[in-house]
Each structure stands twice: as C-alpha cells, then as structure tokens.
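Visitor: First the structure, which I've put down as structure tokens, then a few questions once you've had a look.
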Amino acid sequence: MKKERMENAPLLKVEDLSVSFHMYDKGLEQYDLKVISNLSLDVKPGEIVAIAGSSGSGKSLLAHAVMGILPENARLTGSITYKGEILDQKKKEAFRGTRIALVPQSIAYLDPLMKVGKQVTGGDRGKEAEISKKEIFKRFHLDEKIEKYYPFQLSGGMARRVLVSTAVISDASLIIADEPTPGLDLEMALEALKVFRELADEGKAVVLITHDIDLAFHIADRIAVFYAGTTVEMTRAEDFLEGVGKLRHPYSKALWQALPQNGFRPIPGFQPYARYLPKGCLFSPRCPHKTKECENDIPMSEIRGGYVRCIHAT
C-alpha cells in the first residue's frame, strides 16, 4: 500500500530537456533530429513516478539521458539535476550504478562473459550482499544455482528477473526501471512492481517506465504522460484510477479509454515522426479540441492539482 508522501525536494529534476541527434541524409546533407522537446519531470525520495506513453514517445531516451549513455551524436539542452546539483557527464558516469541504478529494457545489457551471481551483487562477495541475493532470488522464484550460470543459459523471463535483482540489491538512491515487466507472467510482474513499491517506501526514488500502465496506477504515486518526446501531463496516480473525468489532457484521456477495461477505444491518427513535428501542441493533429491557438508554444500549467500542456484543459 502506498504511504502518504512528505513534501520534500526532488531527488531528480528534469527541466525543459531537449535531445537532438546530428544526422546525415542523402548526399551527406546534415540535419538535427529533435526526439525530445522541452520535457520536464521530477521524482522525490519515497515516491514512484510512472511514465506512460506509446512507443517512440521518448521514455527510454529520457532514461539514457539521465544515465549518460546516449550516443556521441546526441545533443542535450535544458537541465538534469540530482539533489539540486547539475548532472554533467562526469557526474553521470560517477553516479551510474552507485547512486543511480538502471533496470534496462533489453536483457542484452547483461554481461555475456560474467556469471549471473557476480552481476547481481556487483562483484561484492560480502555476507550482506550474499544474503540479499538469496532473498531476492527467492522472491522472484529463481533457483540459487543460476548464480553460476552465464546469461545465455537463462530464459527471457529469468534474465528479466535477474536485471530487476541487480537494481534491488544496489544502494542507489534513484532507480530507473525501463520496462521491467515484459516477459514476466502476471504473478512475477506484480511481484516486481511490489518490490519497487517497497524500495520507494524505504526512501528511494523510483522512475518506472512501463507499458503496463494499468498495473502501475496501483503502485505509483504520480503518472507522467509522454507524447512525441514531451511531457503533456503530470498527475496523481489516483486520477487515473478515479476515471477519465479527473484527467486533464486529451491524450491522457485517450490513454485511459484505450485500456481494455475502459472500452479499448482507439483514437484516429498516429504519433508524429520526430522530423515532421507540428507547430505548437504536438497532439493537435489528433485532438478534437484543436484551435488556431494550439499552433503556439504551450507551456505546462497547473490545473486541479496537476500539470498539463494544453490551453483547453479545465
């Protein structure tokens, strides 16, 4: 069960983040492809912020930007701070795996030449690390003998559980979980999310990137809705549980209505490609409330206790 959160300063704060990739087209023509635009997000100690949005909305790129693992042709503007200090590339590398832990989306992140047990404990063979490893293996129904396995000997679901275990055992204050549940059955997915909830209740900050948003609503404190590389709404998870009338942005409402239990109703159109973004509101080509004013730059504004990027939100 989620506990009441104290008002405190964010552990991680992302403000007006934009990410572009320097690209080459036919004839060696060069251009910058902006894939994240003016994205903002924060997470406090003791809470889970779940990120919802369709594929290509910038969720994983945000995780990679925070961790400092974007390719060399990436260009960042805006700011990313950890405990109020700017996270430059040097600090990202120093904090990676110590203060900030990533549960990556791909199981290919497991080192193919290192045995599973050593990867889970980070090479720490101390008694406390060994006890923690045994406990988390038991929770995730992993036989102790797999600690002597190499990643290629694991099934996809087992590898996913091992990845989650690496972050759980770490001492990181901030955990970014990028799609930690695909490949897991419902029981294991719920167990993994329960573990993240417990970590948050212990005072850690958790950013949960997931397509299983109907599960995330029950363990997260807040939901950040991404669309075409930007934040369109930040709201309490309870708003998604209470119904579409509590939500503010048309895309958030469309996400709610697209869930199977809410009618599975799709909306026409598609998310725009990064090279051909519309002016102003990125959702406007699909929005039934579009007006001429939607072509202007639209900042986030506070409405009914949440934040939304929409001039028609009430």
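Visitor: Checking the conditions here, which among Pro278, Pro266, Pro285, Pro299 is assigned to a helix (DSSP H, G or I) and either free of Cβ contacts under 8 Å to residues at least 24 places away in the same chain or not aliphatic (A, V, I, L, M) (or both)?
Guide: Matching residue, one of Pro278, Pro266, Pro285, Pro299: Pro285.
Visitor: Return the residues of region 166-209 that are in a loop (DSSP other than H, G, I, E, B), in contact with a helix residue (DSSP H, G or I) (Cβ under 6 Å, 6 or more places away or on another chain) and under 20 Å from Leu61 (Cα atoms); say none if nothing qualifies.
Guide: Those that are in a loop (DSSP other than H, G, I, E, B), in contact with a helix residue (DSSP H, G or I) (Cβ under 6 Å, 6 or more places away or on another chain) and under 20 Å from Leu61 (Cα atoms): Pro180, Thr181.
Visitor: Can you tell me which residue among Leu163, Leu113, Leu142 is assigned to a loop (DSSP other than H, G, I, E, B) and either crowded, with 19+ Cβ neighbours inside 10 Å or hydroxyl-bearing (Ser, Thr, Tyr) (or both)?
Guide: Leu142
Visitor: Taking interchain pairs and intrachain pairs at least six residues apart, which have beta carbon atoms under 7 angstrom, with the first residue in region 215-241 and under 10 Å from Ser57 (Cβ atoms) and touching a residue at least 24 places away in the same chain (Cβ under 8 Å) and the second in a loop (DSSP other than H, G, I, E, B) and hydroxyl-bearing (Ser, Thr, Tyr)?
Guide: These pairs meet every condition: Phe226/Ser57; Tyr227/Ser57; Ala228/Ser57; Gly229/Ser57.
Visitor: Condition (residue is of a type in the set (Phe, Trp, Tyr), in contact with a helix residue (DSSP H, G or I) (Cβ under 8 Å, 6 or more places away or on another chain), buried (at least 16 other Cβ atoms within 10 Å of the Cβ) and outside any loop (DSSP other than H, G, I, E, B)) applied to region 79-96: is it met by at least one residue?
Guide: yes
Visitor: Please verify whether Ala65 is closer than 28 Å to Leu255 by Cβ, modelled with pLDDT of 95 or more and in contact with a Phe, Trp or Tyr (Cβ under 8 Å, 6 or more places away or on another chain), treating the condition exactly as stated.
Guide: When the stated conditions are applied, Ala65 does not pass them.
Visitor: Yes or no: region 176-186 includes at least one residue that is in contact (Cβ under 8 Å) with a residue 12 or more places away in the chain and more than 26 Å from Ser54 (Cβ to Cβ). Before you say what the answer is, go through the steps one by one.
Guide: First, pick out the residues of region 176-186 that are in contact (Cβ under 8 Å) with a residue 12 or more places away in the chain: 176-185.
Adding the requirement that they be more than 26 Å from Ser54 (Cβ to Cβ) leaves none.
No: zero hits.
Visitor: Quick check on region 258-283: of everything there that is closer than 14 Å to Thr230 by Cβ and either under 24 Å from the mean Cα position of the chain (by Cα) or among the charged types (D, E, K, R) (or both), which residue is surrounded by the fewest Cβ atoms within 10 Å (Cβ to Cβ)? Please lay out each step first, then the result.
Guide: Within region 258-283, the first condition is being closer than 14 Å to Thr230 by Cβ, and the residues that meet it are 271-272, 274, 277-283.
Going one step further and asking which of them are either under 24 Å from the mean Cα position of the chain (by Cα) or among the charged types (D, E, K, R) (or both), we end up with 271-272, 274, 277, 279, 281-283.
Values: Gln271: 18, Pro272: 18, Ala274: 18, Leu277: 16, Lys279: 10, Cys281: 29, Leu282: 23, Phe283: 27.
Filtering region 258-283 for residues that are closer than 14 Å to Thr230 by Cβ and either under 24 Å from the mean Cα position of the chain (by Cα) or among the charged types (D, E, K, R) (or both), the one surrounded by the fewest Cβ atoms within 10 Å (Cβ to Cβ) comes out as Lys279.
Visitor: Does Ser252 satisfy the condition of being small (Gly, Ala, Ser), touching a strand residue (DSSP E or B) at 6+ places or on another chain (Cβ under 6 Å) and on the phi < 0 side of the Ramachandran plot? Lay out the reasoning, then the answer.
Guide: Details: small (Gly, Ala, Ser): yes; touching a strand residue (DSSP E or B) at 6+ places or on another chain (Cβ under 6 Å): yes; on the phi < 0 side of the Ramachandran plot: yes.
Here the answer is yes, as Ser252 does meet what is asked.
Visitor: Do we find that Glu295 is under 23 Å from Ser60 (Cβ atoms) and acidic (Asp, Glu) in this structure?
Guide: Taking the combined requirement at face value, the residue does not satisfy it.
The values are calculated or read from the model by the stated rules, or taken from the named source; none is laboratory data. Given the structure is predicted, the values throughout are model-derived calculations rather than measurements. Neighbour counts are summed over all protein chains in view; Cβ atoms, including those assigned to glycine, are modelled from backbone coordinates with ideal geometry.
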